[in-house]
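Input: a single structure, listed below in structure tokens.
FYI, it's all coordinate maths here, none of it is from the lab. Keep in mind it's a predicted model, so treat the numbers as computed, not measured. Cβ coordinates were reconstructed from backbone atoms using ideal geometry, including for glycine residues, and neighbour counts include every protein chain displayed.
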Amino acid sequence: MTTIAAVPPFAELLDAPRPAEPAWLAARRAAAAERFAAVGVPSSRDEDWRFTPVSAIANTAWTAPGVSPEVTAADIARFRLSTGSLAVLVDGRFAPDLSELPAGVTASSLHAAISEGNAELESHLGLVAPIAMSPFVALSLATFTDGVVLHLAEGTTLATPLEVMHLTTTAAEGALIAPRVFVTAGTGARGAILEQFVSLADTLHVTNAVTELVLAPESWVEHVRVQRESEQAWHLGFTHAEQATASHYRSFALSLGAKLARHNLHARLGGEQVETLMYGLYLTRDSQLADTHSAIFHDQPNCNSWEVYKGVLDDTSRAVFNGKVFVQPIAQKTDAKQTNRNLLLSDTARVDTKPQLEIFADDVKCTHGATVGRLNDLQRYYLQTRGIGGRTAQELLIWAFAAEVLTEVTIAPVRAAIEQIVRNRLDEMLG
């Protein structure tokens, strides 16, 4: 990896020659490259990035990943959250030999789906998550080489979750990894998507991941996202769900990896009787920074949204939470609730939290709130009077704090796997 401040950080990737692509994609890539060239890497002057300094990314000439070393089924098995179906990307490239895909789901590499003329991609790719959403979303559309396309057929119910595993190897050193995941759920389809980001090597790289989901009427999708990359890495993640009438989108996000991790989670409620549930937990230590920016767009009446994010921070780590709920004038009978709670384990940890409501309708129920605090001394005393003190009491109180969101993962084996990940991290944080 070469550090060259005078060279634009992604110039090599933006200027790289590409194989022949459909005209619609070439046009969108050109617009995205133009957008990124105009706005560049955000600085602290950008309101959305005021507490999340990513300007250091601009000081490095990032490259494409090199040739990946062999990844085995054993490498993958130790990170699995489920015994269900599996789609694997290694350093941003779909790996069919490592993937096991179920009946009822059409799945392929993004590159192959584009070559085959997938009509859903032409209608939605790069438009569900628009390039104006973030400079890094524009960068993703301009530079991606591969990803995964998943389609749940109309009326299909997945018996087990479909796990999408993003793996980075030693080939990621100094590279931009830009995977894209595109999910469509047909009318009445039901299923769970597990998306994981895992490092097999402790490399310095940038993951710039974009996931777009399109939910047809009466579909139901649970989306679990676990980010546990190398603590040298930069992780920039963007998820956007478009929801049609009477659809249900349930999200859970766990963040505990990367030196800086940003996740933008957006949902647009485009029909009546839509329900959107967002839950999340971030665990930070040392000098890590975890940032969640969410936005829920209530565009139609009679819809519900519920959001609860929690954080546990130690050492000199930091967290940022910015949650927005937009209620359009037409969106009467909206019921929206938003909560962010944070637990600080050290005097030097810090949280910047900003829940927001923008309401332009008058017949709604909308609430928001945020808290930042330490372990409750009265609760500690209560446990001590019953013979539970020291670290054991601390562990119980922290676990009780985190459990509220962990229990919202509805699939029991997946929930158990995530709970074990959290317990392991808390053990490390408490020494």
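Could the peptides 213-225, 122-134, 410-422 be put in order, highest first, of the mean number of other beta-carbon atoms found within 10 Å of their residues? Spell out each step's value before the answer.
Values: 213-225: 22.7, 122-134: 19.1, 410-422: 15.9.
Top to bottom by mean Cβ count within 10 Å: 213-225, 122-134, 410-422.
How many angstrom lie between the Cα centre of region 328-349 and the Cα centre of region 82-159?
Centre-to-centre distance over Cα atoms comes out at 30 Å.
Calculate for the chain the 222 nm mean residue ellipticity that helices alone would give, adding -39,500 (n - 2.57) per DSSP H run of length 4 or more and normalising by residue count, nearest 500 deg cm²/dmol. Could you put the intermediate results ahead of the total?
Values: 9 runs with 92 residues, N = 431.
Helices in the chain give a 222 nm mean residue ellipticity of -6500 deg cm²/dmol.
Which of L397, L313 comes first, and how do the rest follow, when ranked by fewest Cβ neighbours within 10 Å? Show your work: numbers first, answer last.
Details: L397 17, L313 26.
Ranking L397, L313 by Cβ neighbours within 10 Å, fewest first, gives L397, L313.
Let me check I've understood the local charge: for L125, count other residues with C-beta under 11 angstrom from its C-beta, Lys and Arg +1, Asp and Glu -1. What total comes out?
Numbers: positive: R28, R29, R180; negative: E120, E122, E212.
That works out to 0.
Net charge around E34, counting only other residues with Cβ within less than 14 Å of its Cβ (Lys, Arg = +1; Asp, Glu = -1)? Display every interim value, and only then the final one.
Values: positive: R28, R29, R35; negative: D15.
Overall, the nearby charge balance is +2.
Gaussian network model of the chain, Cα springs within a sub-10 Å range: biggest mean-square fluctuation belongs to which of G280, G389, G40?
Largest GNM mean-square fluctuation: G389.
May I ask you to list the lysines whose Cα is less than 24 Å away from that of K337, ignoring any residue fewer than eight positions away on the same chain?
Hits, sequence-local ones excluded: K310, K324, K354, K365.
Filter the GluC sites (Glu not before Pro) in region 1-95 to those in DSSP coil with at most 13 other Cβ atoms within 10 Å of their Cβ, and list the result.
Values: sites: E12, E34, E47, E70; in loops: E70.
Filter output for region 1-95: E70.
Are there any chymotrypsin sites (Phe, Trp or Tyr not before Pro) in region 329-431 that are in a DSSP loop and have at most 13 other Cβ atoms within 10 Å? List them by number. Numbers along the way, then the final one.
Numbers: sites: F360, Y381, Y382, W399, F401; in loops: F360.
Answer by residue number: F360.
Once you have the alpha carbon radius of gyration of region 179-317, what is it after dividing by 2.2 N^0.38 Å, with N set to its residue count?
Numbers: Rg = 15.7 Å, N = 139, 2.2 N^0.38 = 14.3 Å.
In units of the 2.2 N^0.38 Å rule of thumb, it is 1.09.
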